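The values are calculated or read from the model by the stated rules, or taken from the named source; none is laboratory data. Just so you know, these numbers come straight off a predicted model, no measurement behind them. As a convention, Cβ positions derive from the backbone with ideal geometry for all residues, glycine included, and neighbour counts pool all protein chains shown.
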Amino acid sequence: MVQRDYKGDHGQCAFGRRKFFSSCGAALAGLALWGYEQADSNPLEAATKAPKLVKIVDFTDAGERKGVVLVPVIQKTDAEWKAILSPAAFEVTRNAGTERPFSGALLNIHDKGVFRCICCDTALFNSDTKFESGTGWPSFWQPIAKENVVESIDNSMGMMRTAVSCRRCDAHLGHVFDDGPRPTGLRYCMNSVAMRFAKAA
């Protein structure tokens, strides 16, 4: 009797488990379909997950234009930036600091080449546009391509200035003033630690 009843109970238990798992499977399938429909019905939410893209102009180290490229914006946490930048470069590029005048390693560089962003290597200035401004910071009369930089109003320090940053990674580079030489009359006053110099081969 006991054995027969046990077999009967076991059969009912197996049937119950099959029914249970079958129900769970249907529920999970329904949940997956609901999630798909939600994502499909909210394309804006799906789009926000894709990396933001920007157009910049690519250049060789000799300053030769290679063409416009579509690249993802580079975003990192402060901890990630600190892991790849010097303390001085981090303070300038990520916190809009300014290096001491006449202290920058790129101040007296006059070789043929390109000055690139220290954070993402985007080409910023051609050495052909560099000039001695006497201010103590590397100065240029124009960027290598307008597409590669962003200019914005800076109201800090009790004055209105035009800040310059890298378009791809938003690194602060310096400021631009209207007291430069011809042909533009502009002076892009940059921080050495915000850039690296790539000498032409």
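Residues in region 114-140 that are farther than 21 Å from Arg100 by Cα, of a type outside the set (D, E, K, R) and more than 23 Å from the chain's Cα centre (by Cα): Ser127, Thr129.
Inside region 171-185, can you point out the residues that are in a loop (DSSP other than H, G, I, E, B) and either of a type in the set (A, V, I, L, M, F, W, C) or touching a strand residue (DSSP E or B) at 6+ places or on another chain (Cβ under 8 Å) (or both)? Write out each step before concluding.
Quick first cut of region 171-185, residues in a loop (DSSP other than H, G, I, E, B) only: 171, 178-185.
Result: Ala171, Asp178, Asp179, Gly180, Pro181.
Summed over region 75-133, the residues that are among the β-branched types (Val, Ile, Thr) and not in a loop (DSSP other than H, G, I, E, B) give a count of 5. Could you tell me which residue of region 59-75 is nearest to Ser192 (Cα to Cα), considering only residues that are of a type in the set (D, E, K, R) and touching a residue at least 12 places away in the same chain (Cβ under 8 Å)? Only one residue tops the list, namely Asp61. Of the numbered criteria (1) in a strand (DSSP E or B); (2) surrounded by fewer than 20 Cβ atoms within 10 Å (Cβ to Cβ), the one Tyr188 fails is (2). Pairing each residue of region 84-104 that is at positive phi with any residue that is modelled with pLDDT of 95 or more, provided the two are 6+ apart or on different chains, yields C-beta distances under 8 Å for Ala96/Asp154; Ala96/Ala163; Ala96/His172; Phe102/Gly136.
Within region 172-181, being in contact (Cβ under 8 Å) with a residue 40 or more places away in the chain and either among the hydrophobic types (A, V, I, L, M, F, W, C) or out of contact with any Phe, Trp or Tyr (no Cβ under 8 Å at 6 or more places or on another chain) (or both) holds for His172, Leu173.
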